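I am attaching a structure below and will ask some questions about it afterwards.
None of the figures in this text is laboratory data; all of them are computed from the coordinates on show. Keep in mind that what you see is a predicted model, and the values were worked out from it rather than measured. Neighbour counts are summed over all protein chains in view; Cβ atoms, including those assigned to glycine, are modelled from backbone coordinates with ideal geometry.
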Amino acid sequence: MCKVSSSVHFVTRSVGGVREGSPKAHWVPNTDVYVTDNGLVIKVELSGMRSENLEITVEGNRLRISGNRPDGCRAAKCSFLVMEINYGPFESVLELPAGYDLGQAKAAYLNGFLRIDVPVSVRPSKSAKVPIAEGNSSLI
């Protein structure tokens, strides 16, 4: 894993097994954030989910990604030898630097990856929900 220092801040974190932010959320998905000529791209690894189980909201310069990954594929009585896949509710809150228009963000979910494109702007964003397109390969 490669961690890169940047001006993007994750507001929601896991601290000693206890989550800051939402009391229901108990894991944070792997996330990449990178800059392109057109703006900012946020790519979140969310395999095994459906787009209708995801919610993206904008609160000023913060982008909140939340949802619930169900665990419906294992037997009721099982004994794990290795368990590395997170299930249940999650939340990730990113605080973006100035200069990006979260009000114009576009999201698409395809093959287990959520991609959010945030264009460059000089106007501050307001609170809003970002719709998620299903299977739009032009964004992924």
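Which order do TYR109, TYR34 fall in if you start with the one that has the fewest other Cβ atoms within 10 Å?
Ordered from fewest to most neighbouring Cβ atoms within 10 Å, TYR109, TYR34 come out as TYR34, TYR109.
Only counting other Cβ atoms within 10 Å, I'd like VAL118, VAL41 sorted with the fewest neighbours first.
Ranked by crowding around the Cβ, least crowded first: VAL41, VAL118.
Using 0.36 nm per residue of separation minus the Cα-Cα distance, give me the extension gain between ARG74 and GLU52 in nm, one decimal.
Details: separation 22, 0.36 × 22 = 7.92 nm, distance 2.21 nm.
Roughly 5.7 nm would be gained on extension.
What order do you get for ASP37, ASP71 when you list them from fewest to most C-beta neighbours inside 10 Å?
Values: ASP37 5, ASP71 11.
Least crowded to most crowded, the residues run ASP37, ASP71.
Can you pull the one-decimal nm distance between simple spin-label points at ALA133 and SER121, each 7 Å off the Cα toward Cβ?
Here the modelled spin labels are 1.8 nm apart.
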